[in-house]
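What follows is one structure encoded as structure tokens, with my remarks underneath.
What follows is calculated from the coordinates using simple rules that are stated; it is not laboratory data. This one's a predicted model, so the numbers in the text were calculated from it and none came from an experiment. Neighbour counts run over all protein chains shown; Cβ positions are idealised from the backbone, glycine included.
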Amino acid sequence: MAIKPEIIRHIPFFADLTEDDVRRVAQATIERRYERGEIILLEGEHGGALYFVREGLVKIFKTSPEGKEQVLRLIASGHTFNDVPALDDGPNPASAAAMEPSVVYLIEGTALRRLMVERPAVAAATVKTLAVALRHLVALVEDLSFRRVTARVAKILLEQEKQEEAQDAQQAKQPPSHRLTQQEMAAMAGTAREVVGRALKELEAAGAIQLRRGHIRVISRERLRLLA
């Protein structure tokens, strides 16, 4: 399926390219579709491709030898992942899976690296994208090291609310975004599901959220921010 050049401009790496260059990238772009839970790439594999989420939601995660999962980041539509292997041709540092039906674009690392040499604007966008990813990882280390679980859960809920607002603003007809389960929150917060359950009850007692039959409704973002 041919990729429309105007869609390529939504990818930060290619926003400032000429029309001819955008067409070149579009011709090298592959579209793939994934169902909820389907693996997109595995940690340790070689492939060196850059991925862009056109629709849906993707989780980036690592798995311990004992099978424990740590979610590093959720990638919503409009954002890239697997940037580093696309640049250094090394192994994937983490795995990726679709959290809901997703449309993902794939651009081979060789094509990206060639454009970086030929087009300074692509190289500049690459540096900016990697800087954002580094800031996220530093924040993740800070959360896991210094924040209580209740604060981590409050932050996760705030980020989910922000993501849903952005989705509503961009694509009003888009299906509702995936609501995180307690197990998924536990994987993001680096703890057990039972501990997340207790944290949610603390947030409810503080008047920040409301729990009804397993569903979470944010009733005070300001209190969530204070608790986070």
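Calculated FRET efficiency, Arg193 to Glu6, Cβ-Cβ distance, R0 = 35 Å: about 0.25 to the nearest 0.05.
Net charge in the neighbourhood of Ile209 (other residues with Cβ under 11 Å of its Cβ; Lys, Arg +1, Asp, Glu -1) is +2. Placing +1 on each Lys and Arg Cβ and -1 on each Asp and Glu Cβ, with no other charges, gives segment 48-171 a dipole about its Cα centre of roughly 320 debye. Near Met99, once Lys and Arg are set to +1 and Asp and Glu to -1 for all other residues with Cβ below 13 Å from its Cβ, the sum equals -2. Note on the chain: dipole from Cβ charges, positive end direction compared against Leu158, Val218, Val58; the farthest Cα belongs to Val218. For the chain, a crude dipole built from +1 on the beta carbon of Lys and Arg and -1 on the beta carbon of Asp and Glu, taken about the Cα centre, is about 780 debye to the nearest 20. Normalising the average separation of contacting C-alpha pairs (under 8 angstrom, six or more residues apart) by the number of residues puts the relative contact order of the chain at 20 percent.
So which of Lys4/Lys62; Lys128/Lys201; Lys128/Lys155; Lys68/Lys155; Lys4/Lys68 end up more than 29 Å apart by C-alpha? Violating the 29 Å limit, Cα to Cα: Lys4/Lys62; Lys128/Lys201; Lys4/Lys68. Given the choices (1) 1.32; (2) 0.98; (3) 1.08, Cα Rg over 2.2 N^0.38 Å derived from the coordinates of this structure is entry (3).
Using the Cα atoms of segment 1-41 to build a convex hull, what is its mean projected area in square nanometres? If you wrap the Cα atoms of segment 1-41 in a convex hull and average its projections, you get 3.6 nm². Here segment 184-208 and segment 14-30 have alpha carbon centers that stand 44 Å from each other. Just checking the listed ones, Arg54, Arg212, Arg114: in the Gaussian network model of the chain with Cα springs under 10 Å, the one fluctuating most is Arg212. Can you tell which of Ala125, Ala86, Ala189 shows the greatest fluctuation in a Gaussian network model of the chain with Cα springs below 10 Å? Of Ala125, Ala86, Ala189, the Gaussian network model singles out Ala125 as fluctuating most.
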